[in-house]
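Chemist: To start, I am sharing the structure in question, which I have written as C-alpha cells.
Bear in mind that the values in this text are calculations on the coordinates, not laboratory data. These figures come from a predicted structure and were not determined experimentally. So basically every Cβ, Gly included, is an ideal-geometry build from the backbone, and we count neighbours across all protein chains shown.
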Amino acid sequence: MALRQIIEIDEELCDGCGDCVTACAEGAIQLIDGKAKLISDIYCDGLGACIGDCHAGAIKIIEREADGFDEEAVAVHLSKIRAAEEPLAAARSLNILNPINVGGGGGCPGSRAQTLQPAPAVREGELPVASSQLRHWPIQLHLVPPTAPFFQDADVLLAADCVPFAVGDFHQRYLAEHSLAIACPKLDHNQEIYLEKLVAMIDSAQIRSMHVMVMEVPCCSGLVRLVDEARKQASRQVPIRCTVIGTDGGVRHELELERTAV
C-alpha cells in the first residue's frame, strides 16, 4: 500500500440516493444497507468524479494508505457488472421494464430513496378504495436510510413482512399518514443493524411515534423485542404501541410499550 488520494464517504450524511453509484465510471461505489460504500480501494482512481453528484455532501477526497488503483481489476469488475445487467437489458428491449424506472452504474435501483404521493385516505364511513397509501421507497428495514426525509418528524409503522398480506384493509386502516418499514425477525440476517436504525429513527430523525405490527406466530415476537431494546437505548422517548395480528387478519392484542422512567 502507498499514501495516495482516495474518496471517503460519510455514512451519516449519505441518504442512499445512489447518484454517486451512477457517477462512478469504475463501479467502485455500491449501495449497501441503504448507504453508499467504497467496495474496494483498487477500483477508486481518486479523481472524485462522484463528488459533484452527491447533493448531501457526503463524499470528499482524502489522503491515506491504500492499495493502488488497478485498471485491469476495474475492467474485470465492470465486465461482471455488465454481465449481471444483461438480463435487465433484454427485459428493457421487450418493454417488460420501463427504462425510466431503472438505474445504472451497478447500483440497485430498488434501494434509491424516493418520496411518493399516496392517494387521499378514506374517511370513516366511506367505502375503502384500492389505493396505495405508501409514502416513500424503499421500505425494507435493511434498505431504508433511518434519517431520510420521509422519517423526519413522522409517525412510523414498522410491520412484519406477513402483516400486509393478512390484513385486508392494511393501507387504509394502518398505513395512511405513516412512514413504513418492514422486516422479518425470523428470516432477515444481520439484525443488529435493525437495532441501530431504530435508535437512529428515534434520536436522529426524531420520529413522533412508532406502531409495531406483528403476526401472532412466535417468531414475530423478535421484532417487538428489537423495538423495545431500541426504546431503552434511545435518548428520546416516543409513544410506541404494538398490534398483534392473527393469521385470519383479526386483531389479537394491542398494547403500548412502557416508557423508560426519567
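Chemist: Which residues does the label zone of residue 114 cover in the range 135-177, counting backbone N under 14 Å from a point 7 Å along Cα→Cβ?
Modeler: 135-140
Chemist: For residue 209 and residue 82, compute 0.36 nm times the residue count separating them, minus their Cα-Cα distance, and round to one decimal in nm.
Modeler: Computed gain between residue 209 and residue 82 is 41.4 nm.
Chemist: Here's another thing I want to ask about it. On alpha carbon coordinates alone, what is the Rg over Rh value for the range 113-256, Rh being the Kirkwood radius?
Modeler: With Rh from the inverse mean 1/r over Cα pairs, Rg/Rh is 0.94.
Chemist: In addition: How many nm is it between the label spots at residue 152 and residue 63, if each spot is 7 Å from the Cα in line with the beta carbon?
Modeler: Placing both labels 7 Å along Cα→Cβ, they lie 3.6 nm apart.
Chemist: How would the range 1-81 be classified by its alpha-carbon gyration tensor: rounded, prolate or oblate, with rounded meaning a/c under 1.5 and the a/b versus b/c comparison settling the rest?
Modeler: Judged from the Cα gyration tensor, the range 1-81 comes out oblate (a/c at least 1.5, b/c at or above a/b).
Chemist: Let me ask another. Using θ = phi - 60° and the Karplus form 6.51 cos²θ - 1.76 cosθ + 1.60, what ³J(HN,Hα) does each residue of the range 225-232 get, whole Hz, x for Gly and Pro?
Modeler: Karplus-based 3J(HN,Hα) across the range 225-232 equals 5, 4, 5, 5, 5, 4, 4, 6 Hz.
Chemist: Estimate the FRET efficiency between residue 5 and residue 258 by the formula 1/(1 + (r/R0)^6), using the beta-carbon distance for r and 51 Å for R0, to the nearest 0.05.
Modeler: Computed FRET efficiency for residue 5 and residue 258 comes out at 0.50.
Chemist: Using a Cα-Cα cut-off of under 19 Å, which lysines could be cross-linked to residue 35, ignoring same-chain neighbours fewer than 8 residues away?
Modeler: 60, 197
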